[in-house]
Amino acid sequence: MHRLRAVLAALTLGAPFAASAADITRIASSFEEDDPFDLFIDVGFERTQTRAKIVREQLAPAGTPDNEDGSPATRGDAAELWYKGVDARLNLRLAVGLYKDLELSFLLPLVFQQNERWDFTSQSSRETSTITNNCINADGSTIPGCLGDPQALGAPLFGVPQESFRGGLGNLHFGLAYAFFNQANDDTKPTWILGIDYEAPTAKVRDPSVDTTNSDERGNIGDRVHKYQIYTAFSRRMGVAEPYFKASYTIPVRGPLFYSNCDQRNANPPNLGAPGNCGTGPWNRKETGIKAPEMLGMIAGVELVPFDRPQKHQKFTLDLRAIGNYVGSGRYNNELSAALRKLLTSEDYFQVGGMLGATASASDTFKIRASGTFLYNTDHTLTNEELGQDLDGNGQVDTAVGSPELNPSFDWRYDLVSRRFRAVGSTTFRFDLSASFNF
């Protein structure tokens, strides 16, 4: 035990090290006595894959006996689809030190592919799926003759299997960060950074109603939403270990030319429950447009440095971190938007997972980094549009055809409770490989 304490003390206190910050608290700084100018150029490839099972709420058939406790009988979620989404991009980032511990950064993603695919699960097929065997219109009316013809499949919500292909230039990011404390300058204090990242809506607007099933004609990827991320990060090097923590909060604000579901009010067949209400009463463009979710993120981890030669600027680092994100509710492009051809309202959900990364520095001007991130996304509803608004104050929404209280975006086929779609067992895996050049 005495020997173990001695080893731990040597690792955490006695081991020599260069007071360079963890990757998460790295900052470009200029006008220092021994470092008059900092410029970082990062080139990174990122591939993100999301998989989920999409299920649908279903009620028990008429005449089914009540449950033993006397409550009405219900049927659980019926498995309908497997979803797979792949996003592959090249991130180009430049960071320059404006002054001591003050950094200005720019990032531009080149999105090679943003592809999605939907397939039946083993419990579903074209003959049994409620997606293909649909007899309801968007306004809740029944398709004439559909229910009486056992051979008719009705009007499918969308074709299965199906693929969607998108890509192009992503949104441009601008960042400003300041280090209140920097361990590289004062080894008695940790590195503490406060920053803001602004994502400008520069990408061409994504119109979910556009057919993107042709891989030769990729659709746009822009959401036309300003995103402001405020964050703070801490790290402190202690021997071969450097624990760190980061918290962030993202605020979305609609930008110019944002998409609204009412942009397809004249679609044939109709894809909205009450397209006639678009632009009337409370149903203006702001109310029917995209509502991007707020996001809260937390990261806690540690960098371990098993190999470090400060004199030659050579170092190998292992990065272990735990990740937790909260994604708020909103109306945006989710896992079913490209298939149903509209913005859909999603429930809020959490992401929990971790990351394992490694960084190798060959000199003080070049390093390469690779990492893998795994996230589990908690179950959440994908079609959760509100029915409408009580405009006359009688305590309920008038659901009669032509009622001005009906939400234009509400679709009776899949937004109504007992018909909604949900994503369950959703996972996300991301692989990153990047090179950094420091000048």
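Residues of the range 259-270 that are open to solvent by 20 Å² or more (accessible area, probe 1.4 Å), in contact (Cβ under 8 Å) with a residue 40 or more places away in the chain and assigned to a loop (DSSP other than H, G, I, E, B): Arg265, Ala267, Pro269, Pro270. Scanning the range 159-178 for residues that are in a strand (DSSP E or B) and either modelled with pLDDT under 95 or surrounded by fewer than 19 Cβ atoms within 10 Å (Cβ to Cβ) (or both) gives Gln162, Glu163, Gly168, Leu169, Phe174, Gly175, Leu176, Tyr178. Scanning the range 210-242 for residues that are part of a strand (DSSP E or B) and under 17 Å from Gly330 (Cα atoms) yields Gly222, Val225, His226, Lys227, Tyr228.
Considering the range 10-48 alone, what residues qualify as being polar (S, T, N, Q), within 37 Å of the chain's Cα centre (by Cα) and modelled with pLDDT under 95?
Step one: of the range 10-48, the residues polar (S, T, N, Q) are 12, 20, 25, 29-30, 48.
Retained after the next criterion (residues that are within 37 Å of the chain's Cα centre (by Cα)): 20, 25, 29-30, 48.
Listed by number, the residues that qualify are Ser20, Thr25, Ser29, Ser30.
Filtering the range 220-244 down to residues that are in contact with a Gly (Cβ under 8 Å, 6 or more places away or on another chain) and aromatic (Phe, Trp, Tyr), which residue is surrounded by the most Cβ atoms within 10 Å (Cβ to Cβ)? Filtering first and then ranking leaves Tyr244.
For first residues located in the range 241-254 and farther than 12 Å from Tyr231 by Cβ, partners that are buried (at least 16 other Cβ atoms within 10 Å of the Cβ) and not aliphatic (A, V, I, L, M) and lie 6+ apart or on another chain with Cβ distances below 6 Å form the pairs Glu242/Ser235; Glu242/Glu303; Tyr244/Ser235; Tyr244/Gly301; Pro252/Lys227; Val253/His226.
Return a yes/no flag: does the range 312-323 have any residue that is charged (D, E, K, R), in contact with a helix residue (DSSP H, G or I) (Cβ under 7 Å, 6 or more places away or on another chain) and farther than 20 Å from Asp379 by Cα. So far as the range 312-323 goes, yes, one or more of its residues are charged (D, E, K, R), in contact with a helix residue (DSSP H, G or I) (Cβ under 7 Å, 6 or more places away or on another chain) and farther than 20 Å from Asp379 by Cα.
If you go through the range 276-334 one residue at a time, how many are acidic (Asp, Glu) and under 17 Å from Tyr259 (Cα atoms)?
1
Residues of the range 191-209 being assigned to a loop (DSSP other than H, G, I, E, B), open to solvent by 20 Å² or more (accessible area, probe 1.4 Å) and of a type outside the set (D, E, K, R), which ones? Spell out the reasoning first.
Here is the first cut: in the range 191-209, the ones assigned to a loop (DSSP other than H, G, I, E, B) are 200-204, 206-209.
Now narrow it down to the ones that are open to solvent by 20 Å² or more (accessible area, probe 1.4 Å): 202, 204, 206-207, 209.
Passing the criteria: Thr202, Ser209.
Does any residue of the range 325-338 turn out to be of a type in the set (Asp, Glu) and buried (at least 19 other Cβ atoms within 10 Å of the Cβ)? Scanning the range 325-338, I find at least one residue that is of a type in the set (Asp, Glu) and buried (at least 19 other Cβ atoms within 10 Å of the Cβ), so the answer is yes.
The C-beta contact set for the range 32-56 (first residue under 17 Å from Ile368 (Cβ atoms), second residue open to solvent by 40 Å² or more (accessible area, probe 1.4 Å) and basic (Lys, Arg), distance under 6 angstrom, 6+ apart or interchain) comprises Asp42/Arg93; Glu46/Arg89. Suppose the filter is touching a Leu at 6+ places or on another chain (Cβ under 6 Å) and in contact (Cβ under 8 Å) with a residue 12 or more places away in the chain; does Glu386 pass it? Spelling it out, it is not the case that Glu386 is touching a Leu at 6+ places or on another chain (Cβ under 6 Å) and in contact (Cβ under 8 Å) with a residue 12 or more places away in the chain. Among the strands (runs of 3 or more DSSP E) confined to the range 288-389, the ones with at least 3 residues that are among the small types (Gly, Ala, Ser) are located at 295-309, 349-361, 366-377.
When the residues of the range 413-439 are filtered to those that are in a strand (DSSP E or B) and of a type in the set (S, T, N, Q), which remaining residue is surrounded by the most Cβ atoms within 10 Å (Cβ to Cβ)?
Residues of the range 413-439 in a strand (DSSP E or B): 421-438.
Among the residues that remain, those that are also of a type in the set (S, T, N, Q) are: 426-428, 434, 436, 438.
On the way: Ser426: 22, Thr427: 14, Thr428: 18, Ser434: 18, Ser436: 20, Asn438: 18.
Ranking the candidates gives Ser426 first.
Return yes when Leu320 is under 28 Å from the mean Cα position of the chain (by Cα) and farther than 30 Å from Arg285 by Cβ and no when it is not.
Values: under 28 Å from the mean Cα position of the chain (by Cα): yes; farther than 30 Å from Arg285 by Cβ: yes.
Judged against the criteria, Leu320 is a match.
Within the range 402-412, can one find any residue that is more than 26 Å from the chain's Cα centre (by Cα) and open to solvent by 60 Å² or more (accessible area, probe 1.4 Å)? The answer is yes, given that some residue of the range 402-412 is more than 26 Å from the chain's Cα centre (by Cα) and open to solvent by 60 Å² or more (accessible area, probe 1.4 Å).
May I ask you to list the residues in the range 377-401 that are closer than 30 Å to Asn91 by Cβ and either surrounded by fewer than 13 Cβ atoms within 10 Å (Cβ to Cβ) or of a type in the set (Val, Ile, Thr) (or both)? Residue satisfying the conditions is Thr378 alone.
Evaluating Thr188 against the criteria (1) out of contact with any helix residue (DSSP H, G or I) (no Cβ under 6 Å at 6 or more places or on another chain); (2) buried (at least 18 other Cβ atoms within 10 Å of the Cβ); (3) within 22 Å of Ser30 (Cα to Cα); (4) not aromatic (Phe, Trp, Tyr) leaves one unmet condition, (2).
Scanning the range 49-64 for residues that are of a type outside the set (A, V, I, L, M), at pLDDT below 70 and open to solvent by 70 Å² or more (accessible area, probe 1.4 Å) returns Pro61, Gly63. For the range 84-100, a residue qualifies if it is open to solvent by less than 20 Å² (accessible area, probe 1.4 Å) and touching a residue at least 40 places away in the same chain (Cβ under 8 Å), and the qualifying residues are Gly85, Ala88, Ala95, Gly97. Taken over the range 101-132, the residue count meeting the criterion of being surrounded by 19 or more Cβ atoms within 10 Å (Cβ to Cβ) and among the hydrophobic types (A, V, I, L, M, F, W, C) is 4.
The values are calculated or read from the model by the stated rules, or taken from the named source; none is laboratory data. As the structure is a prediction and not an experimental result, all values here were calculated from the model. Reconstructed Cβ throughout: ideal geometry from the backbone, glycine too, with neighbour counts over all protein chains shown. Note: accessible area is taken over every heavy atom of the protein model, side chains too, but ligands, DNA and RNA are not part of it. Shrake-Rupley method; radii C 1.70, N 1.55, O 1.52, S 1.80 Å.
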